[in-house]
Amino acid sequence: MAFSWWFSRIRSSSRTIFTHLRTSQFQSYTNPSTAVSEVFSSKGRNPYLWWSSYLIPISAASLMLQFQPNYSFSDAFNPNPRGVGVGGKGSTEFVVKGSHKNVPQELINDLKAICGENMSMDYDERFLHGKPQNSFHKAVNIPDIVIFPRSEEEVSLIVNSCNKHKVPIVPYGGATSIEGHTLSPHGGVCIDLSLMKNVKALHIRDMDVVVEPGIGWMELNEYLEPYGLFFPLDPGPGATIGGMCATRCSGSLAVRYGTMRENVISLKVVLANGDVVKTGNRARKSAAGYDLTRLVIGSEGTLGVITEVTLRLQKIPQYSVAARCNFPSIKDAADVAIATMLSGIQVSRVELMDEVQVRAINIANGSNLPETPTLLFEFVGTEAYSREQTMLVQKIASEHNGSDFIFAEEPEAKKELWKMRKEALWACFAMEPSFEAMTTDVCVPLSQLAELISKSKEVLDASPLTCTVVAHAGDGNFHTLILFDPNNEEHRQEAERLNHFMVQAALSMEGTCTGEHGVGTGKMKYLEQELGIENLRTMKRIKLALDPNNIMNPGKLIPPHVCF
């Protein structure tokens, strides 16, 4: 079978999937360790928007970060004799560093009293939670304790106790983030929210649902399907609603339905002192006070632990059409994506792949697709509307050198058409089975997309590394999968150089270093250039006000050199 090699890759780490099924098989193991290793995993399945659950990339830029044991208004320091700020702007280091102190026995006793057997100090459990499953980011430490609360009340008690002892907290969801968000560079307590996955209330006539943070978006859509509703955001398989809020994720459907920012109505959040804050009611709009909902979305666990989410839902489309078209150049393909959006056509998806990505699919799947830049579309609505939009896009494509425009309406035909995009990531490893992938995540104003991709392709094609391009072309967001040997320093530096080039190009076009993956540790070094130092100081003031002991996911999002 063409993908047998892929299944062998996944099988080696399949034990990570079953970890979340355990509720009480925990042991005590008190020997702290700083060991790190590579873990690669893909888990979960997609019940509705099946093909898009395979879009998750593997990794992004890596760096090193270190914090003082006693926090202050500034985490700036300079152990590097060459003057490169560690973890801040200009950093090119790989391993995330951090200080570590032993967890007090009193805290351990408190946590046992709160959660009973739903906590673990077992080394394997801690090691698993200390290494992101879809990233090669590493840290010198792993969590000292992993705890599995079952309720908002337990989360509040856990956080309050950790704050009392000034022990770091790292919230943990589906472990699908790729920028080092769930690393524990300072040890501490990892709060795994996988047991909090209930649907608390479904309001069909209001088209909203109230859920706990540990439920996955695919599980939620399974629950909603009998009611004719679905939640439209579609990141990688295994992603949970809490983590999706924390990273402000999106996915292939964002071009039609928006990102997490537009699809969350309100939240409940446990702050660093254990207080539970409700950010709003279920009204679709409100002008009542500060928008705390949007403050927490994208905060990556640095301001609090999300314990409840109220989500906006959509009706399952009545009808859909999928289409594919080939182009002689990547610029032609990007131009069609831009022209389609400017035409006012309400596409559901616009996905782009370059010729290298199509070649990978041919190698992996034994197919014989034309190895040219390719666009994939999805149109939804009534049958007549979907067909009309398909014909309009076909006309636009023909005006930009498009060829072999085909479309499908039957379920199996649509599934086959989307197969090439579904398998894009895994197909890359057919070209380099022993390599890892560094994934860029830049996003620019839509009018700049064609220029950015064209410039990037020139540099990527000249690199000795194999690089593929996949893009959510309808909203200006594209990823490059850079295959490299993580044990080869020259490879890693070249991958970092390519990533840096694309980030700088995007920023020069008033874009962003991360369209949907978040900051974590991997993108901190670009934030001052993108947002400005006053922006970062403002974020740090907010962080200090809500988390004066800096226990909430320390070492993420805000660069350590920011002072005031």
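The values are calculated or read from the model by the stated rules, or taken from the named source; none is laboratory data. Quantities reported herein were computed from a predicted structural model and do not represent experimental measurements. Positions of Cβ are generated from backbone atoms using ideal geometry, with glycine treated the same way; all protein chains shown enter the neighbour counts. Remember, those area values only see protein heavy atoms, side chains included, never the ligands or the DNA or RNA. Shrake-Rupley method; radii C 1.70, N 1.55, O 1.52, S 1.80 Å.
From H181, H203, H129, grab the single residue that is touching an Asp or Glu at 6+ places or on another chain (Cβ under 6 Å) and more than 16 Å from V103 (Cα to Cα).
Values: H203 fails: touching an Asp or Glu at 6+ places or on another chain (Cβ under 6 Å); H129 fails: touching an Asp or Glu at 6+ places or on another chain (Cβ under 6 Å).
Testing whether each residue is touching an Asp or Glu at 6+ places or on another chain (Cβ under 6 Å) and more than 16 Å from V103 (Cα to Cα) leaves just H181.
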Top-ranked residue in the range 338-367 [being in a loop (DSSP other than H, G, I, E, B) and under 17 Å from W426 (Cα atoms); ranked as most open to solvent (accessible area, probe 1.4 Å)]: G366
Scope the range 282-299; condition within 22 Å of K200 (Cα to Cα) and open to solvent by less than 30 Å² (accessible area, probe 1.4 Å); matching residues: T293, V296, I297
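Only one of G289, G274, G298 is touching a Ser or Thr at 6+ places or on another chain (Cβ under 6 Å) and part of a loop (DSSP other than H, G, I, E, B); which?
Values: G289 fails: touching a Ser or Thr at 6+ places or on another chain (Cβ under 6 Å); G298 fails: touching a Ser or Thr at 6+ places or on another chain (Cβ under 6 Å).
Going through G289, G274, G298 in turn, just one is touching a Ser or Thr at 6+ places or on another chain (Cβ under 6 Å) and part of a loop (DSSP other than H, G, I, E, B): G274.
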Members of the range 123-148 that are open to solvent by 10 Å² or more (accessible area, probe 1.4 Å) and either acidic (D, E) or in contact with a helix residue (DSSP H, G or I) (Cβ under 9 Å, 6 or more places away or on another chain) (or both): D124, D144
Hits in the range 211-245 - residues which are more than 25 Å from T182 (Cβ to Cβ) and among the hydrophobic types (A, V, I, L, M, F, W, C): L224, L229, F230
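Is there a residue in the range 300-309 that is open to solvent by 20 Å² or more (accessible area, probe 1.4 Å) and under 19 Å from T240 (Cβ atoms)? I'd like the intermediate steps shown before the answer.
Here is the first cut: in the range 300-309, the ones open to solvent by 20 Å² or more (accessible area, probe 1.4 Å) are 308.
Right, trim to under 19 Å from T240 (Cβ atoms) and you get 308.
Scanning the range 300-309 turns up at least one residue that is open to solvent by 20 Å² or more (accessible area, probe 1.4 Å) and under 19 Å from T240 (Cβ atoms).
Condition (residue is in contact with a helix residue (DSSP H, G or I) (Cβ under 8 Å, 6 or more places away or on another chain) and on the phi > 0 side of the Ramachandran plot) applied to the range 380-392: is it met by at least one residue? It would help to see each step written out before you state the result.
Taking the range 380-392 and keeping what is in contact with a helix residue (DSSP H, G or I) (Cβ under 8 Å, 6 or more places away or on another chain), we get 380-381.
Now drop any that are not on the phi > 0 side of the Ramachandran plot, which leaves 381.
Looking for residues that are in contact with a helix residue (DSSP H, G or I) (Cβ under 8 Å, 6 or more places away or on another chain) and on the phi > 0 side of the Ramachandran plot, one finds at least one in the range 380-392, hence yes.
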Qualifying residue in the range 331-343 (condition: within 23 Å of I482 (Cβ to Cβ) and free of Cβ contacts under 8 Å to residues at least 60 places away in the same chain): no
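Hey, can you tell me all the residues within the range 368-393 that are over 23 Å from D461 (Cα atoms), open to solvent by less than 20 Å² (accessible area, probe 1.4 Å) and of a type in the set (A, V, I, L, M)? Write out each step before concluding.
We begin by selecting, within the range 368-393, every residue over 23 Å from D461 (Cα atoms); these are 377-393.
Still in the list and also open to solvent by less than 20 Å² (accessible area, probe 1.4 Å): 377, 379-380, 386, 389-390, 393.
Within the range 368-393, V380, V393 qualify.
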Count of the range 529-564 residues which are in contact (Cβ under 8 Å) with a residue 40 or more places away in the chain and under 21 Å from the mean Cα position of the chain (by Cα): 8
Members of the range 394-427 found to be under 25 Å from T480 (Cβ atoms) and open to solvent by less than 40 Å² (accessible area, probe 1.4 Å), listed by number: A397, G402, L417, W418, M420, R421, K422, E423, A424, L425, W426, A427
Only one of E355, E409, E371 that is modelled with pLDDT of 90 or more and touching a helix residue (DSSP H, G or I) at 6+ places or on another chain (Cβ under 6 Å): E371
Members of the range 346-405 found to be without any contact (Cβ under 8 Å) to a residue 40 or more places away in the chain and of a type in the set (G, A, S), listed by number: A384, S398
Selection status of F501, of a type in the set (A, V, I, L, M, F, W, C), more than 22 Å from C563 (Cβ to Cβ) and at pLDDT below 95: no
